[in-house]
Amino acid sequence: MHFNIEALRELEDRYRAKLINSLSGFKSANLIGTTDGKGNHNLAIVSSVFHIGANPPLVGMIMRPHTVTRDTLENILELGEYTINQVNVEIWREAHQTSARYDQHVSEFDEAGLTPEWVDGVKAPFVAESRLKYSLVLRESQTLEINGTVLVIGEINHVLVEDDVIANDGYIDIEALETVAVSGLDSYHVTNRLGRLSYAKPDKKPDVID
């Protein structure tokens, strides 16, 4: 099939949303844990988390336009701290449930059957069932003029991960953690690693190192 720009514009809204969301392929599935100033917990699944830099350790994510109430975004802006919790095979259905539109004072932890976990010095809740999670302090937020989405950039200040999945060089084996990927808006996947490759150099083909 071939969709030109006119054809894309003429598609039914939900069909177009699913089509365009599928184009970027596999994305990370993460649960964003936040709390507001009154102590209400919020948990939302997000597939737009991405690496920005390692020193300082920065992670970005894109949030939907702030034209209606966005509890996760508003909590991040209010308290300046949040957690990112990778989804694994044990909780992918529960994670998906957090995308439902609950009232502001309803905890998605309770509704989805997930457990808040607290770490001293962190204002936002982690997901106890997640096997790789980290907390962040808000460093920057920008509303993108092109479509009103909001870029949120945080600096990592705590990382919680199982000891035996970190290689000697610092690589985290997320496949060993049974981390789940998402494609489109509602399709969840496990992965099959082909291998790790050595650092690429102009005069040498890479070797498989693991």
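Taking residues in segment 71-87 that are under 18 Å from V180 (Cα atoms) and among the aromatic types (F, W, Y), and partners anywhere that are modelled with pLDDT under 95 and not in a helix (DSSP H, G or I), not one pair has Cβ atoms closer than 8 Å while being at least 6 places apart or on different chains. Restricted to segment 25-39, and to residues there that are touching a residue at least 60 places away in the same chain (Cβ under 8 Å), part of a loop (DSSP other than H, G, I, E, B) and small (G, A, S), the residue that is nearest to V159 (Cα to Cα) is A29.
Among the residues of segment 40-67, just one is open to solvent by 40 Å² or more (accessible area, probe 1.4 Å), in a loop (DSSP other than H, G, I, E, B) and small (G, A, S), namely S47.
For segment 1-24, enumerate the residues that are surrounded by 12 or more Cβ atoms within 10 Å (Cβ to Cβ), without any contact (Cβ under 8 Å) to a residue 40 or more places away in the chain and closer than 22 Å to V182 by Cβ.
First pass over segment 1-24, keeping only residues surrounded by 12 or more Cβ atoms within 10 Å (Cβ to Cβ): 3, 11, 16-22.
Filter once more, keeping what is without any contact (Cβ under 8 Å) to a residue 40 or more places away in the chain: 3, 11, 16, 19-20.
Passing the criteria: L11, R16, L19, I20.
All conditions but one from (1) of a type in the set (A, V, I, L, M, F, W, C); (2) at pLDDT 95 or above; (3) more than 26 Å from G25 (Cβ to Cβ) apply to V46; the one that does not is (3).
Of everything in segment 170-210 that's closer than 30 Å to Y15 by Cα, open to solvent by 80 Å² or more (accessible area, probe 1.4 Å) and not acidic (D, E), which residue is nearest to the chain's Cα centre (by Cα)?
Step by step, filter segment 170-210, then rank; the result is V190.
Working only within segment 76-95, note down all residues that are farther than 19 Å from V59 by Cβ and either open to solvent by 70 Å² or more (accessible area, probe 1.4 Å) or of a type in the set (D, E) (or both). Can you show your working first?
Within segment 76-95, the subset farther than 19 Å from V59 by Cβ is 78, 89-94.
Residues satisfying the conditions are E78, E90, W92, R93, E94.
Of the set (1) under 17 Å from G60 (Cα atoms); (2) in contact (Cβ under 8 Å) with a residue 12 or more places away in the chain; (3) open to solvent by 40 Å² or more (accessible area, probe 1.4 Å), all apply to Q104 but (1). Out of S187, S183, one residue alone is in contact with a strand residue (DSSP E or B) (Cβ under 7 Å, 6 or more places away or on another chain) and closer than 20 Å to I45 by Cβ. It is S183.
Pairing each residue of segment 197-210 that is touching a residue at least 40 places away in the same chain (Cβ under 8 Å) and in a loop (DSSP other than H, G, I, E, B) with any residue that is among the hydrophobic types (A, V, I, L, M, F, W, C) and open to solvent by less than 100 Å² (accessible area, probe 1.4 Å), provided the two are 6+ apart or on different chains, yields C-beta distances under 8 Å for D210/A167. Between a residue in segment 117-136 that is farther than 21 Å from D164 by Cβ and any residue that is open to solvent by 40 Å² or more (accessible area, probe 1.4 Å) and among the aliphatic types (A, V, I, L, M), which pairs come within a Cβ distance under 6 Å, given they are 6 or more apart or on different chains? Final answer for the pair search is K123/L79; L136/I156.
The values are calculated or read from the model by the stated rules, or taken from the named source; none is laboratory data. Nothing here was measured: the structure is a model prediction, and the numbers come from that model. Backbone-built Cβ (ideal geometry, glycine too); neighbour counts: all protein chains shown. Only protein heavy atoms, including side chains, enter the accessible area calculation; ligands, DNA and RNA are left aside. Shrake-Rupley method; radii C 1.70, N 1.55, O 1.52, S 1.80 Å.
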